[in-house]
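Notes follow the structure.
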Amino acid sequence: MMGSEFVALSLPPILIGVCVAVACALPGNFLLLRRQALIGDAISHVVLPGIVVAFLLTGVVAAGPMLLGAAGAAVLSVIAIDLIRRLGRIEAGAAMGVVFTAMFAGGVLLLERSDTSSVHLDVEHALFGNLESLIWLDARGWSSLLDPAALAGLPVELPRMAIALVVVAAFLWLFWRPLALATFDEGFARGLGLPTEPLGLALVVVSAIAAVAAFDAVGSIIVIAMFICPPAAARMMTNRLGHQVAWSAAFATLSAIIGYVLAGYGPIWIGASASVSAAGMIATVSGVILGIAAVAGPHRDKVS
Amino acid sequence: MLADALLLQLGYNATLVTIGACLLGIAAGVAGTFLFLRKRALVSDAISHATLPGVGLAFILMVGMGGDGRSLLGLLVGAGISAAIGLLCVHWLTTRTRLGEDAAIGAVLSVFFGFGIVILTIIQTMNAGRQAGLEGFLLGSTAGMLRGDAILLAVSAALVLVLVLILRRPLELAAFDPGYAQATGWSMGRIDLAMMGIVLVVTVVGLKVVGLILIVALLIVPAVTARFWTERAGHVVIIAGAVGGVSGYVGAAMSAIAPALPTGPIVVLVGFAMFLVSLLLSPGRGVLASVLMHWRYQRRVHMRQGLLALAQGQPIFETLTHRLLRRAGLILPDGVPTSEGQAAAAKALLDETRWSIVRADQSFAAAATRYDGLTAIETVLTPDQLNEVDARIKAPEVVA
């Protein structure tokens, strides 16, 4: 299992999975503490119409236009939610529910009506992604990791996801103090003159970058699970923000690795032939971790 | 073709499905209103996503027991059981741990859905699983439904509607005035349980029609739409039921003539269209109404400021003010006030002077809070009080 086959077939998906999981879990910590946990859910739904419109306009499945389309859709949905909330004096959760379901429904209908049979774009792909298919055909073994020619054949999703992870981590590292202040005591932060509203919007935008980059590789299920489950589990482990972020990154990595291995090799261990959905398994493992933390975490209680 | 579908001319099954979708829509609209007013709209999203593992496991179980696994009733029972487990998880995470309800909803939603996907991929490798058609539960598919399934759908939708109507009173009470409900002896815990039970049943019945990803829209959109049209409790419920019913009916009818498209998105977009119309056109909260109100307010302010300027003999340069006064016949094109203009300006100045006295006097504190620079003072004070105020206005003095 650890030979050249592993490097070619399992290493890239695992690395991509880890990048996705950590990139989503990091901003997820702040979203969770700000009680905006469901923003990840909303973003991953509205990304679909953006990608479909980008495809219909350009006619190709290319990363650039799709990222633009998805980002545009995410921004549009944020504006629409805010508009409905203010104009109709509607509670934020309900406004969100109206916008993301309508946009998702529009995306599905557009997708089903247009001729996308020639390209790899369908609703199921959008939901579960296809982590297993991101293989590295040029790999001949561990030595390929040092071979520039072979490295050029890595699935494009891996560098893209790594860049997204770096962007997310850099944002959090640069704005750590103001973000922490604005998250825990918004009034105090505003009193210090910090721009709390642009900061909140920037957090949403960074989350959207992570979600959009991940969406194409792994589908929306992992994205939603990773935004919420690892930070929520980490919340049960500690009362310190820095520790919580570290725990959440560890939990996210663990979910991605265990989930992928269980999905790829688990059925073989119990004697079945085919593998199961890696995206679904990673989400399941993160849920199990959250369950364990909720039962046994040292800081799980309501009042601590 | 669409007319045929809307008039139920497409055969017995399609008619049953359309009527069933309509009844389901009414039930979802009414039940969703209570959920919306308790500010727990998105709990239904967790419930609906949590049905997927149940559907998959029920299929595997039924195949294991020798059937073909496609019995709709069996699948829906499985869905109900796993949705209930998901609901319990949300409740447990919210009450027993430090997580907020939003985090609990998101966690349950994604984990159950992910686990459901794992089970679906297992089913795809089974021999019986290739034609299972469980994907129809994701986005809804009513086209080509079997006779038995259509009857099951219509009957269960009717039963849900009856259930909602029976429990309407306590739910309404709890949604609008929890304190009063508790004081009159209702247990909030039980009412919430009943509400979640109804939402669960609506979700399960709606799986085949709208699909588990979008059923949350059928619960939320009608309630939000209704909220634009009325401020009264009973009316919100009725309008939401109507909006839900129309979405279900029109959506299912349109889906009957476009069998390749999933039903759920069509139903949701029909409802969303009604929401958009309400957002734009509703009299109280609509966009158009707010724009009109802002426009009128702006004109009143300009008019008032223009009149005050006239009264003090100042020229008016601001174009909108100038145009408004001109159109009302209060000034001539060169800015000189007409006799009506002089009268109106004197009236405005008197009003402003009276207000400044009222606002400077503590004994008029209550009346002074009504000052906004536009309200005529006669609408706030009595003639006696006005006389008292007028007595304090200083006579004009000669400026040396």
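Before moving on, here are some points about what is shown:
- Among the residues of segment B:248-272, those that are within 14 Å of the chain's Cα centre (by Cα) and over 14 Å from residue A:84 (Cα atoms) comprise B:268, B:271.
- Here A:108, A:168 are screened, and the one residue that is more than 20 Å from the chain's Cα centre (by Cα) and buried (at least 19 other Cβ atoms within 10 Å of the Cβ) is A:108.
- Residue within segment A:67-88 that is more than 27 Å from residue B:215 (Cα to Cα) and either of a type in the set (S, T, N, Q) or in a helix (DSSP H, G or I) (or both) present: yes
- Total residues in segment A:284-298, condition facing chain B (nearest Cβ under 9 Å) and not in a helix (DSSP H, G or I): 1
- Any chance residue A:247 is among the aromatic types (Phe, Trp, Tyr) and free of Cβ contacts under 8 Å to residues at least 12 places away in the same chain: no
- Qualifying residue in segment B:286-309 (condition: touching a residue at least 24 places away in the same chain (Cβ under 8 Å) and within 30 Å of residue B:174 (Cβ to Cβ)): yes
- The sole residue among B:193, B:261 that is outside any loop (DSSP other than H, G, I, E, B) and not β-branched (Val, Ile, Thr) is B:193.
- Test: residue A:250 is of a type in the set (A, V, I, L, M) and within 13 Å of the chain's Cα centre (by Cα): no
- Search result, residues across segment A:227-242 that are surrounded by fewer than 16 Cβ atoms within 10 Å (Cβ to Cβ) and either modelled with pLDDT of 95 or more or farther than 21 Å from residue A:170 by Cβ (or both): A:239, A:240
- Restricted to segment B:1-106, the set of helices (runs of 4 or more DSSP H) holding at least 2 residues that are within 14 Å of another protein chain (Cβ to nearest Cβ), more than 30 Å from residue B:124 (Cα to Cα) and modelled with pLDDT of 85 or more comprises B:12-37, B:72-96.
- The lone exception for residue A:93 - which of (1) within 9 Å of another protein chain (Cβ to nearest Cβ); (2) not in a helix (DSSP H, G or I) it fails: (2)
Residues are listed down the side, and each one gets a yes or a no for (1) part of a helix (DSSP H, G or I); (2) among the polar types (S, T, N, Q):
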{"position": "B:165", "(1), (2)": "yes, no"}
{"position": "B:185", "(1), (2)": "no, no"}
{"position": "B:203", "(1), (2)": "yes, yes"}
{"position": "B:206", "(1), (2)": "yes, no"}
{"position": "B:218", "(1), (2)": "yes, no"}
{"position": "B:226", "(1), (2)": "yes, no"}
{"position": "B:231", "(1), (2)": "no, no"}
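Conditions tested, residue by residue: (1) small (Gly, Ala, Ser); (2) in contact (Cβ under 8 Å) with a residue 12 or more places away in the chain; (3) out of contact with any Gly (no Cβ under 6 Å at 6 or more places or on another chain); (4) within 14 Å of another protein chain (Cβ to nearest Cβ).
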residue: A:61; (1), (2), (3), (4): no, yes, yes, no
residue: A:67; (1), (2), (3), (4): no, yes, yes, no
residue: A:76; (1), (2), (3), (4): no, yes, yes, no
residue: A:98; (1), (2), (3), (4): no, yes, yes, yes
residue: A:105; (1), (2), (3), (4): yes, no, yes, yes
residue: A:108; (1), (2), (3), (4): no, yes, yes, yes
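- The residue of segment A:253-282 that is surrounded by the most Cβ atoms within 10 Å (Cβ to Cβ), among those that are within 12 Å of chain B (Cβ to nearest Cβ) and β-branched (Val, Ile, Thr), is A:282.
- Qualifying residue in segment B:57-73 (condition: closer than 25 Å to residue A:297 by Cα and assigned by TED's automatic domain parsing to the domain that holds residue B:157): no
- Taking the criterion of being closer than 26 Å to residue B:354 by Cα and more than 42 Å from the chain's Cα centre (by Cα), the residues of segment B:308-321 that qualify are B:308, B:309, B:310, B:311, B:312, B:313, B:314, B:315, B:316.
- Residues of segment B:257-280 satisfying the condition of being under 17 Å from residue B:206 (Cβ atoms) and either more than 8 Å from chain A (Cβ to nearest Cβ) or in contact with a strand residue (DSSP E or B) (Cβ under 6 Å, 6 or more places away or on another chain) (or both): B:263, B:267, B:270, B:271
- Which listed residue is at pLDDT below 90, assigned to a helix (DSSP H, G or I) and surrounded by 23 or more Cβ atoms within 10 Å (Cβ to Cβ), from A:46, A:99: A:46
- Filtered by the rule that a residue be in contact (Cβ under 8 Å) with a residue 24 or more places away in the chain and in a helix (DSSP H, G or I), segment B:167-177 gives B:168, B:170, B:171, B:172, B:174, B:175, B:176.
- Among the residues of segment B:355-400, the ones that are among the charged types (D, E, K, R) and closer than 28 Å to residue B:299 by Cα come to 4 in all.
- Subset of segment B:200-231 that is away from chain A (no Cβ under 13 Å) and closer than 19 Å to residue A:94 by Cα - its residue that is surrounded by the most Cβ atoms within 10 Å (Cβ to Cβ): B:202
- Filtered by the rule that a residue be touching a residue at least 24 places away in the same chain (Cβ under 8 Å), acidic (Asp, Glu) and farther than 17 Å from residue A:217 by Cα, segment A:139-178 gives no residues.
The values are calculated or read from the model by the stated rules, or taken from the named source; none is laboratory data. Keep in mind that this is a model prediction, so the values were computed, not measured. Backbone-built Cβ (ideal geometry, glycine too); neighbour counts: all protein chains shown.
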